[in-house]
Amino acid sequence: MRTLRNALDHRVLLSDGSAQRQLRAYDLNPVRDLYGTETCIDVLNLTRAPLVRDVHIAYLEAGADVIRTNTLEASPLTLQAHGLAEDAFCINYSAAQIACEAVDSVPGRGRRRFVLGMVRDQGWDVPPAMIEDAVSIQVEGLIAGGVDGVALDIVPGVGRSRMFLRGAQRAKERLRSQAPVFLQRVAGATEFSDRMRALADGIIRFRHGQTGRPGWLDTEVLAQGVNLVGGGDTPEDTTTLNRLLRARAEDGLRPLAPWQAAAVADEVQPASSTLYPAPERAAARIG
């Protein structure tokens with residue numbers, strides 16, 4: 001389980017929870033912290049890097065396997081509304097570095113965690129070439145900053161997957177990178193076409209984690225082929241979800257992905273001990 005792609009192919013992983021929700025809870029100065037934008041939390045990657053890193057660390061200590069970069073609105077096409085389009089590369093590069101530093105700073109005792117660069121489709125009404133260019137800039141920043149992989153968070157079936165993949169591939173070629181680029185969809189949504197699946201390096205089937213409904217992991221996650229569970233809204237939620245996943249794992253660590261669990265009994269499956277051997281630790285409060 002030494003790569004993100006291999007881990008997602010074999011296990012149901014746990015991501016962090018909502019970093020932006022945690023960051024918005026702070027008393028932020030719009031001029032000093034947000035470049036006067038009031039709402040662009042992604043700018044904190046440049047102005048308040050230690051704060052963003054502390055949020056990532058809290059989720060790691062709560063049990064997250066995957067840290068997602070603070071870049072959901074860091075496309076040049078979104079940043080241009082704030083006059084920050086030219087800062088897109090730097091914002092994404094810094095976000096990747098911050099997340100990597102957080103992973104490196106939390107002792108794992110052999111535990112492997114990953115940084116996933118996030119690129120989200122905001123539904124921009126612009127020509128396809130502009131979307132491809134914007135994705136290329138964002139992905140280049142994320143890969144240059146050190147992410148283990150990139151997730152293109154797109155709604156399947158709306159005709160935008162190909163331009164996102166083209167932009168991401170341009171970034172990989174420019175950097176001569178082998179970092180995997182995944183298409184991400186919400187569990188239960190329309191599937192990506194076979195052609196788009198073949199062009200991507202993998203598919204992330206994401207499901208937001210719930211802590212209050214008994215049995216939801218079995219009925220809505222494991223049965224739907226989910227390979228990445230969101231860590232809820234807070235580090236405390238992530239701690240609970242970590243416990244639920246461990247309880248459903250044959251080795252007490254992480255469950256096999258449904259397609260792996262259905263494999264023949266005598267097939268040797270990669271142990272998740274290299275992914276998550278550390279004992280569960282309580283979530284640290286962000287102060």
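Coordinate-derived values only; no laboratory data. Given the structure is predicted, the values throughout are model-derived calculations rather than measurements. In this analysis, Cβ positions are derived from the backbone assuming ideal geometry, glycine residues included, and neighbour counts consider all displayed protein chains.
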Structure-based [θ]222 nm, the chain - -39500 (n - 2.57) summed over DSSP H runs of at least 4, per residue, nearest 500: -11500 deg cm²/dmol
Exposure proxy order (Cβ contacts within 10 Å, fewest to most) of Glu86, Glu132: Glu86, Glu132
Check which residues have an amide H placed less than 5 Å from Arg68's amide H, if you skip close sequence neighbours. Asp16, Leu116
I'd like the antiparallel share, as a percent to the nearest 5, of DSSP beta bridges with both residues in the chain. 5 percent
Excluding Asn227 itself, calculate the net charge of residues whose Cβ lies under 10 Å from the Cβ of Asn227, where each Lys or Arg counts +1 and each Asp or Glu counts -1. +2
Please go through the range 165-224 and write out the trypsin sites (Lys or Arg not before Pro) that DSSP classes as loop and that have at most 13 other C-beta atoms within 10 Å. Arg176
Rounded, prolate or oblate, given the Cα gyration tensor of the range 109-248, with a/c below 1.5 counting as rounded? prolate
If each residue's Cβ is checked for other Cβ atoms within 10 Å, how do Val66, Val43 rank with the fewest at the top? Val43, Val66
Among Tyr26, Tyr59, Tyr93, Tyr35, which comes first, then next, by fewest other beta-carbon atoms within 10 Å? Tyr26, Tyr35, Tyr93, Tyr59
